[in-house]
1. With respect to Phe314, determine if the residue is aromatic (Phe, Trp, Tyr) and either crowded, with 24+ Cβ neighbours inside 10 Å or within 16 Å of Thr92 (Cα to Cα) (or both).
2. Do we find a residue being of a type in the set (A, V, I, L, M), in a helix (DSSP H, G or I) and within 30 Å of Gly225 (Cα to Cα) anywhere in the range 655-663?
3. Does at least one position in the range 802-815 carry a residue that is in a loop (DSSP other than H, G, I, E, B) and either among the charged types (D, E, K, R) or within 17 Å of Ser311 (Cα to Cα) (or both)?
4. Filter the range 190-208 down to the residues that are in contact (Cβ under 8 Å) with a residue 40 or more places away in the chain and not in a helix (DSSP H, G or I), then identify the one that is nearest to Ala98 (Cα to Cα).
5. Of His429, His378, which residue is within 24 Å of the chain's Cα centre (by Cα) and either open to solvent by 10 Å² or more (accessible area, probe 1.4 Å) or modelled with pLDDT under 95 (or both)?
6. List pairs: first residue in the range 60-72 and more than 11 Å from Phe91 (Cα to Cα) and open to solvent by 10 Å² or more (accessible area, probe 1.4 Å), second residue of a type outside the set (Gly, Ala, Ser) and in a loop (DSSP other than H, G, I, E, B) anywhere in the structure, Cβ distance under 7 angstrom, at least six positions apart or on different chains.
7. Just checking, which of Asp241, Asp261, Asp253 is of a type in the set (Asp, Glu) and either closer than 30 Å to Glu84 by Cα or crowded, with 16+ Cβ neighbours inside 10 Å (or both)?
Amino acid sequence: MLKILRFIILASLLTALIYFLNNSREIKGTHVPPLGKFIDPFNGYLQNAETENLSYEEIIADSSLQKQVTVVYDSNNIPHIFAENDDDLYFTQGYIIAQHRLWQLEFQTHAAAGRLSEIIGNNENIIAFDRLQRRLGMVEGAKASLEEYLKHPEMKQILNRYADGINAYIDQLNYKDLPIEYKLLDYKPEKWTILKTALVLEYMVNSLIGWDNDVANTNALKLLGKEKFNFLFPDNLPGIDPVVPTLRPWAFDSIRHINADNNYPYDFIYDTIPRSNPQNGSNNWAVSGKKTKSGYALLANDPHLGLNLPSLWFLMQLHSPNVSVTGYTFAGAPGIIIGYNNKISWGFTNSPRDQRDWYKIQLKDDSRKEYFYDSTWHPVAWKTEVIRIKNSSPFIDSVGYTHHGPMVYDHQFPGNGSNESLALKWIGHLPSRVLFSFYYLNRASNYQDYEKALKYWDAPSQNIVFASTNGDIALRVEGTFPLKWPQQGKFILDGTNPNHDWAGFIPHEHNAFMLNPERGFVSSANQHAVDTNYPYYTYSSTNEYYRNRRINRLLPEMSNITPKDFMKMHTDVYSIKAEEVLPLLLDSLGTLSLTGKHQEILNELKRWDYQYHPNIKAPAYFELWWKQFQGLLWDELKKQNLPLPKPNEFTTTYILRNHPGNEFIDRLETPEKETLTDLVTQSFTSIPGLVAGWEDRNKKAINWGNYNNVRLIHLARVIEPFNTQTLASGGSGDVINALKGSHGPSLRMIVEMSQPPKAWGVLPGGQSGNPGSPRYDNWVEKWVKGEYFELYLWDAKPADELSSYQQLFNPLPLP
């Protein structure tokens, strides 16, 4: 009997152990994968370790291939795909992307569609994120774009073949082959669909135009009144340097449209939804051959986005009888996004424009079945959103749709219990055709082809730079821009008033551009696209004021320019903001008897040359002082739980210079009327305490590199070992090398339009999406130092000595 009891106990323990080792669980809020599978040396995480040498399967067979495809990896592990037709080319591109970036590929589409809870589990913040994605109508926007693409057989075929390639890779995987993130989170990849490609592009649109200040502006308008609001938040100020300045009268007659009555809803909104990073931007420029040492045009680009691991971008060449192009693509989109071919090169910067507006909806009653518009009640279309949650019951949300768009804000969301209903109208709900732009840019030979390709560009709004081997340089401000009356969309609009609707769109041929300007260069860095002479109203709350002026200061002074000069420019850390602000602060500093730390800080600042190098203290002292000063200055715009905007740094400096006695130069919490000198002095005296507090919290001495804390963050955000430590890099958000925290140059590219062209590039990370690979982050040091490697555009499969590895994709005879 005792033996039987022992056997039962032992069997029970063994059963429990097997269950424990083969099932995931939550322990103190932390997800733990099935440990048995995860630590299995033959199938678990150890199988994700890679060596320096590439070790992918060398021969891949698939029945859908028409001809053999060769993939040649160069010495930088960049694949060059040589196919005999476009069907096989895009199939192989999909396969290669999945081979290197499968988890990233799928994770970003789950994020776009509001499906992260399916893989993360029951997390309040993740559920709120998923709800927001659903309420923004991300899937609906992607479906609208896909419907447009499917009208065109050629694009439909490209999308399907790209998906076929991804799925061919997924189909041959077993557990041991899965990226480590799948093992940690205990789930498997699902089939790729062409809708997911549309979702990737929709996610890009939302990331780059998903910032607005409409709610905060409306709160400020009610709080301050129109006159004070316009003083603090002007659309334009003297000193801006637009992308396309008015050099001559515009060669078109603008479309006339109605001026509304500016009767905005004046309601305080006490909660706002998360928005994309307002610093999403970029630099690009091109110079003509008359300014270069070689006599050939030169082009440079560095998009500023989140510094993630795996890297956002992937380098590759696509080659078939119809196209040969090298450059950067991102996981999920066929073709090359930023790059060059044998005739042209191109690149992008974000062009800040207001392409999303909020409308206050008047509902008939608590049933929320009807809304009022144009003197009539209209039905609300309700959609049930089922958010599946891993290991939990689903969350059910309901989203009401009006003709403006979805009611993102309502009595259930964001969660403040307000009955305000705000519907979103944005460009992301309209069918997009940007894939056609990439398709035609990849194959373009001259300016006319570039111009044709950009007729399809709708969103997000971009400044698209161009250079060609025939010497042309150009820059076009492209996008589908709503036709608006002055200040329309700057505040919450009246959803009952037809005059507050978009009146149409600015004709494409009226978009601003420059072609071969006399000054010999074009450039953009997210500043105002045009000046006030442009005959249409333009607005954005995120225009940039400093990087663009630094670029436009340097380029006119340069001659005999070489690619190395552009490499140096990419890592330029001189700050025009500091050049303009610091002397103003120092001149306004009151007479103090300084000793010790105060005197040391002042001496550092007076000696500073406005360069944001990582190993010096002055930039950190300056930023602490400037931030503290602005906090004292704009205390009128600090209201508990009320979202309010703050004047940008350029406007703040303008007010200090031109209106030093303005009523806002005061502290509300004191009975005295402070002067500018008072606020500057008070904020300066606080710096030693701020420095000591920072050093105590961070357990390190302050310098700019430590304070700026440049890091590359894994996409999952919660797996600390997959992140980098603080990188010793210079830069700041307002300098050309726009590094700030985990945001900055997501790639760098320079192209000389010789015959054939030559190009150089780098990105923060590596080609692999596998944290266990040496190629996961092997380019980080080069990127930090401002170093580059050559990008190759091969016209034919190279000799074996030029390749480090090859794969063959063979047709498989049908049974």
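The values are calculated or read from the model by the stated rules, or taken from the named source; none is laboratory data. Worth saying up front: this structure is predicted, and the values here are computed from it rather than measured. Glycine gets a Cβ as well: all are built from the backbone with ideal geometry, and neighbour counts include every protein chain shown. Note: areas computed on protein heavy atoms with side chains; ligands, DNA, RNA excluded. Shrake-Rupley method; radii C 1.70, N 1.55, O 1.52, S 1.80 Å.
1. On the way: aromatic (Phe, Trp, Tyr): yes; either crowded, with 24+ Cβ neighbours inside 10 Å or within 16 Å of Thr92 (Cα to Cα) (or both): yes.
Here the answer is yes, as Phe314 does meet what is asked.
2. Applying the first criterion (of a type in the set (A, V, I, L, M)) to the range 655-663 yields 655-656.
Those left that are additionally in a helix (DSSP H, G or I): 655-656.
Applying the additional criterion that residues be within 30 Å of Gly225 (Cα to Cα) yields 655-656.
Yes, the range 655-663 has at least one match.
3. Of the residues in the range 802-815, the ones in a loop (DSSP other than H, G, I, E, B) are 803-804, 812-815.
Next, from what is left, pick out any that are either among the charged types (D, E, K, R) or within 17 Å of Ser311 (Cα to Cα) (or both): none.
Looking through the range 802-815, none of the residues is in a loop (DSSP other than H, G, I, E, B) and either among the charged types (D, E, K, R) or within 17 Å of Ser311 (Cα to Cα) (or both).
4. Of the residues in the range 190-208, the ones in contact (Cβ under 8 Å) with a residue 40 or more places away in the chain are 190, 192, 194-208.
Filter again for not in a helix (DSSP H, G or I), leaving 190, 192.
Values: Glu190: 12, Trp192: 10 Å.
Checked the range 190-208; the qualifying residue nearest to Ala98 (Cα to Cα) is Trp192.
5. On the way: His378 fails: within 24 Å of the chain's Cα centre (by Cα).
After ruling out the rest, the residue left standing is His429.
6. These pairs meet every condition: Ala61/Leu812; Ser63/Leu812; Ser63/Leu814; Lys67/Glu84; Lys67/Asn85; Thr70/Lys797.
7. On the way: Asp261 fails: either closer than 30 Å to Glu84 by Cα or crowded, with 16+ Cβ neighbours inside 10 Å (or both); Asp253 fails: either closer than 30 Å to Glu84 by Cα or crowded, with 16+ Cβ neighbours inside 10 Å (or both).
The unique qualifying residue is Asp241.
For (1) surrounded by fewer than 22 Cβ atoms within 10 Å (Cβ to Cβ); (2) in contact (Cβ under 8 Å) with a residue 60 or more places away in the chain; (3) in contact with a helix residue (DSSP H, G or I) (Cβ under 9 Å, 6 or more places away or on another chain), each residue gets a yes or a no:
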{"position": "Tyr162", "(1), (2), (3)": "no, yes, yes"}
{"position": "Lys188", "(1), (2), (3)": "yes, no, yes"}
{"position": "Gly210", "(1), (2), (3)": "yes, yes, yes"}
{"position": "Lys228", "(1), (2), (3)": "yes, no, yes"}
